[in-house]
1. Exactly one condition in (1) in a loop (DSSP other than H, G, I, E, B); (2) surrounded by 15 or more Cβ atoms within 10 Å (Cβ to Cβ); (3) touching a helix residue (DSSP H, G or I) at 6+ places or on another chain (Cβ under 6 Å) is not met by residue 289; state its number.
2. Any residue in region 119-126 that is out of contact with any helix residue (DSSP H, G or I) (no Cβ under 9 Å at 6 or more places or on another chain) and at pLDDT below 95?
3. Is it true that residue 166 is outside any strand (DSSP E or B) and of a type outside the set (A, V, I, L, M, F, W, C)?
4. Please enumerate the residues belonging to region 211-230 that are surrounded by fewer than 14 Cβ atoms within 10 Å (Cβ to Cβ) and out of contact with any Ser or Thr (no Cβ under 7 Å at 6 or more places or on another chain).
5. Answer yes or no as to whether residue 145 is without any contact (Cβ under 8 Å) to a residue 12 or more places away in the chain and either in a helix (DSSP H, G or I) or aliphatic (A, V, I, L, M) (or both).
6. One residue is enough: does region 257-265 have a residue meeting the conditions assigned to a strand (DSSP E or B), within 20 Å of residue 314 (Cα to Cα), modelled with pLDDT of 95 or more and not acidic (Asp, Glu)?
7. For region 68-86, what are the residues that are of a type in the set (Asp, Glu) and surrounded by 13 or more Cβ atoms within 10 Å (Cβ to Cβ)?
Amino acid sequence: MPTLPAPVCIISMGNKMNQPLKTRQHKGYRRIIPSMNALVAFEAVARNGSFTIAAQELGVTQAAVSKHVKFLEDTFGAQLFYRLHRSNQLTTEGNALYDAMSESMQRIAGVFDKYAEGQGEEAIALASTADFSNLRIMPRLHLLREQLPKLRLRLTTPSDRDADLSVRFGHGKWDDGTAVFLFDEEIFPVCSPSWLARHCPPTSLDELAHNQLIDTDATLEGWMTWNTWFRALAYTPPKLAFSLRCAMYGDAILAAVQGHGIALGWGRLLENHLASGRLVRVSSHAIVPSDAYYIFLAAGRPKTPVIDKLMDCLRADDIEPCQSSL
């Protein structure tokens, strides 16, 4: 009896083998990530720290946001938020997911910024204090236009949570993003040439302390007032009688330019005024604080060549003559 050949088992793969690899991978993503709406809701809550604000931003009810996040937690198999009385804080698992979400959303937003209004254009929202913007950024706008003609720049405030970059002054060790060193600072007394012509320049810290001093309220991390500046020089001043106190540093500098007294000069902010002669140094005494200026990139925001060029422009000494009243 002739030997029959062994049966051959044929498994039909349908059209799967003919599908591109990317298509099969994308189907895998959809299986692992069951709801993009839930991820969007989670990202909004994590960024705002509030279910209520997230719901307002997304145009849905708070209950809908809570349902999305609960569905995501059940799918994820872990709690993503600590629900506290007045706030919602991310758990370890929540932080891990938010970091990945932020990076992905920033990359998607970057593609839209690049192609929505023109090939090769890039939009950047840069947050800083009003004083840094007026005294450091504005005199260098011509450089930004020359070096980055396709950049669509939006200047905004530190409270803008949607800013791509922000200028921060401090130690540089923040855990909610990436800090890139910009430049250090030197702080010294300044006045107008007209004030100096009417008064004898102080030759000691004691003489300086008894002069017409213009002070600014300490409202920012690392900000120095006259009291903290004197103490950093190991000098304990008497009770200082300020000729003027200002809430805004720009107001204090304007008063100094107009000849009303001596202000503390933050050298990086006053390069324009010093170069133009509107302000002069009064004393050789100076403090170089341990804090410095940093460009802070929001979590997930990559440092691109455009950001490198923007930083170079902010560091540049090539500034336009001072035209404003500041």
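The values are calculated or read from the model by the stated rules, or taken from the named source; none is laboratory data. The structure displayed is predicted, hence computed values, not measured ones. With ideal geometry, Cβ positions are generated from the backbone for all residues, glycine too; neighbour counts draw on all protein chains shown.
1. (3) is the only condition that residue 289 fails.
2. Scanning region 119-126 turns up at least one residue that is out of contact with any helix residue (DSSP H, G or I) (no Cβ under 9 Å at 6 or more places or on another chain) and at pLDDT below 95.
3. For residue 166, the condition - outside any strand (DSSP E or B) and of a type outside the set (A, V, I, L, M, F, W, C) - is not met.
4. 217, 219, 221
5. Yes, satisfied.
6. yes
7. 73
A quick yes/no check of all residues on (1) at pLDDT 95 or above; (2) of a type outside the set (Gly, Ala, Ser); (3) within 30 Å of residue 43 (Cα to Cα):
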| residue | (1), (2), (3) |
| --- | --- |
| 157 | no, yes, yes |
| 170 | no, no, yes |
| 183 | yes, yes, no |
| 208 | yes, yes, no |
